[in-house]
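The next block holds one structure in the form of structure tokens; read it before the comments.
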Amino acid sequence: MTVIALRNATKRFPGTGGQPHTAVRDLTFEVAAGEFVAVVGPTGCGKSTTLSLVSGLEPASSGEVEVDGTLVRGIPDGVGYMFQTDAIMPWRSVVDNVAAGPRYRGLSRADARRKAMVWVDRVGLAAFSGYYPYQLSGGMRKRVALAQTLVNEPRILLMDEPFSALDVQTRQLMQDELLRLWQGTGAAVIFVTHDLEEAIALADRVVVMTSSPATIKAIFDVPLARPREVEEIRMTPEFIATYREIWESLRDEVARAREVASRVG
Amino acid sequence: MSAELTAAVALERRGKPLDRRTKLWSVRLIFVVFWLGSWELAATHWIDPFFYSKPSAIWERLVDWFGTGTAFGSVWTQLFITLEEAVLGFVIGAVAGVVLGILLGRARFVAEVAAPFIKAANAVPRIVLASLFIIWFGLGLTSKVATAVVLVFFAVFFNAFQGAREVDRNLVNNARILGASRTQVLTSIVVPSATSWIFASLHAAFGFALIGAVVGEYAGADKGLGLLIANAQGTFDAAGIYAGMIIITVVALLAEWLLTLLENRLLRWRPPVQTSGEQRA
Ligand SMILES: Nc1ncnc2c1ncn2[C@@H]1O[C@H](COP(=O)(O)OP(=O)(O)O)[C@@H](O)[C@H]1O
Ligand SMILES: [Mg+2]
């Protein structure tokens, strides 16, 4: 069942000197319930913009974005969104940050906290539930954000380079954790990353975007069975073959993005 | 202040912390003794104490006020009256400033419409309003509170306004995704983000409230510290003016200390780098 559908979705921003700047152009793809789609592309190509269209935070300039078969106007029901930059509240403790969603949705303080504690525990922060964000490491803050998003039991999960700021060990740990928590929820996931290995290790399909203005270059299936262990799976021949195939496609875009960057810089 | 802090940090690297504190306070004490001593000496031998007074005379005046009372009754009554005016003015001005500042900070269009009027109102020499308020409200409490409110309001308003505008868009978007309504965004994101800004202004604002109350009394009153000072001026009593100033300074320092306690409690979530508490009225 299709949960997210983009049809020729285009986003223009008012650019410098009156010329509108096209961030993404003619995006067309669908995501089904329980499907994990990764989006890769060079930095600055429009990956975050794509997520903001699906989340309803930004309206599309033309084309259509549908969630659950209805056009997106405002934030659709059941959307969870982990932002690229830290968005947890520095003035709330870990458990109160996670309890924010349930509180907004009308639960009493006690019930919201009880529900939040379950998720704080699941992301391995039970011992830190009373800590303020400034007392946590970057990885721990990402866990808080993950719990804060998942506590609402989203049916649509948007994740914007959630682990890119973490060291390699923590990142693999978080990837495994994400797969464990997501499995069986039936949530449709769009996971943005610029790390192709991460995309293949996690996703059922990988969408490759061109450099700016972004459009879809190709979509690849990832023929790897679930459940997966991300550290193990990287060594398998299927993984390496898939990597090679997608890298062929992505390489040109990365090179082009670099060229533009060096010309501008 | 910052030079002193650097010196303190440098000292900390050496010796024990107790050592450092003792040293710090000894130097301060020596400074005060030297300052008061040279003033006393100069006023006794060279300059005219009639104009400049001297520490011993000021001390006598204070003892006299607190022991036998002032020309207008107990000094405690005067102090209480001034405090009452200042606290009332502070509370009313701060609440109004915070509420209006935050609402206007979030309502872009209204803010743009109001901008020139606010700028103009801020450019008015507000202290002059004290005289007008006495015509409007009489010699009693109301005119002083009104002066204090006007001074406090603008100090707090601009910071609350700025604080509400500088809210991290990411935090607002995140809250909206998590299910927050407009009001919930306001109470759970905007208000807490603006709190640091607001507190920065509250320190200065209590000083303004005291100034408002005292100037109001100075312009016309039948009670209060401002009246004591005005009376001292009328009788060429320099020691009395200094004594009034000292009492007001002590009150302001006490209020500053209370506000810092409250701030540290409310802003527990901030990493303990702590600003040095350097505020100017
Ligand atoms: N709010 C905005 N206003 C103007 N331009 C924007 C805005 N958001 C993104 N852009 C532009 O759109 C392009 C894509 O940005 P983004 O989606 O953040 O890229 P990515 O996430 O792939 O790094 C960039 O050129 C960026 O400058
Ligand atoms: Mg991005």
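The values are calculated or read from the model by the stated rules, or taken from the named source; none is laboratory data. Keep in mind that this is a model prediction, so the values were computed, not measured. Cβ: placed from backbone, ideal geometry, glycine included. Neighbour counts: every protein chain shown. The accessibility values were calculated without ligands, DNA or RNA, using every heavy atom of the protein model including side chains. Shrake-Rupley method; radii C 1.70, N 1.55, O 1.52, S 1.80 Å.
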Where Rh denotes the Kirkwood radius from the mean inverse Cα pair distance, what is Rg over Rh for the protein assembly as shown?
1.13
Heavy-atom accessible surface of the stretch A:86-153: percent carbon and sulfur, 1.4 Å:
49
Probe 1.4 Å, all protein chains in place: accessible area of A:Met140 in Å², nearest 10?
40
Hydrodynamic radius (Kirkwood) for chain B, which is based on Cα pairs only, to one decimal in Å:
21.8
Distance from the Cα centre of the stretch A:191-232 to that of the stretch A:25-65, in angstrom?
14
Suppose R0 equals 56 Å; then what is the FRET efficiency for B:Phe80 and A:Asp195 from their Cβ-Cβ distance, rounded to the nearest 0.05?
0.25
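Please give the per residue accessible area of the stretch A:11-60, computed with a probe of 1.4 Å over protein heavy atoms only, in Å².
On the way: 2000 Å² over 50 residues.
Counting only protein heavy atoms, the per-residue value for the stretch A:11-60 is 40 Å².
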Expressed in angstrom and rounded, the centroid-to-centroid distance over alpha carbons for the stretch B:46-99 and the stretch B:191-233 is 12
Could you pull the accessible area for B:Trp39 with a 1.4 Å probe, rounded to 10 Å²?
50
Report the full-extension gain for the segment A:Gln135 to A:Glu229: residue separation times 0.36 nm, less the Cα-Cα distance, to one decimal in nm.
30.8 nm
In the stretch B:82-179, what percent of the accessible surface is made up of carbon and sulfur (1.4 Å probe, ligands and nucleic acids excluded)?
71
Contact order relative to length of the stretch B:106-196, as percent, for alpha carbon pairs under 8 angstrom and 6 or more apart:
25
Order of exposure, largest accessible area first, which applies to B:Trp46, A:Trp182 with probe 1.4 Å
B:Trp46, A:Trp182
With every protein chain kept in place and a 1.4 Å probe, chain B has an accessible area per residue in Å² of 58
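Checking the a/c ratio against 1.5 first, then a/b against b/c, what shape does the Cα gyration tensor give for the stretch A:59-139? Working shown, then result.
On the way: a/c = 2.81, a/b = 1.83, b/c = 1.53.
Cα axes put the stretch A:59-139 in the prolate bin.
What whole-number value in Å² describes the accessible area per residue of the stretch A:101-241 for a 1.4 Å probe?
Working: 6030 Å² over 141 residues.
On a per-residue basis, the stretch A:101-241 sits at 43 Å².
Give me the accessible area buried between chains B and A, both sides summed, with a 1.4 Å probe, in Å² rounded to the nearest 100.
2000
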Order by protection proxy (mean Cβ within 10 Å, highest first), peptides A:66-78, A:87-99
A:87-99, A:66-78
Angle in degrees between helix A:109-122 and the longest Cα principal axis of chain A, rounded to the nearest 10:
60
With a Förster radius of 30 Å, plug the Cβ-Cβ distance of A:Gln84 and A:Ile240 into 1/(1 + (r/R0)^6) and report the FRET value to the nearest 0.05.
0.55
Between B:Gln233 and B:Thr44, what is 0.36 nm times their sequence separation minus the Cα-Cα distance? Round to one decimal in nm.
65.9 nm
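Where does each of B:159-170, A:191-202 land if you order them by average Cβ count within 10 Å, highest first? Don't skip to the answer; put the middle values down first.
On the way: B:159-170: 18.8, A:191-202: 21.8.
Ranking, from highest mean packing down: A:191-202, B:159-170.
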As a percent rounded to 5, the proportion of antiparallel DSSP bridges among beta bridges in the protein assembly as shown is 55
Rounded to the nearest 10 Å², what accessible area does A:Lys217 have for a 1.4 Å probe in the complete protein model?
80
Mean per-residue count of partner chain Cβ within 10 Å for B:166-177 equals 6
Let me know the Kirkwood hydrodynamic radius for chain A, please, with Cα pairs as the basis and the value in Å to one decimal.
19.3
Order the following by accessible area, largest value first: A:Leu107, B:Leu266. Probe radius 1.4 Å; ligands, DNA and RNA are ignored.
B:Leu266, A:Leu107
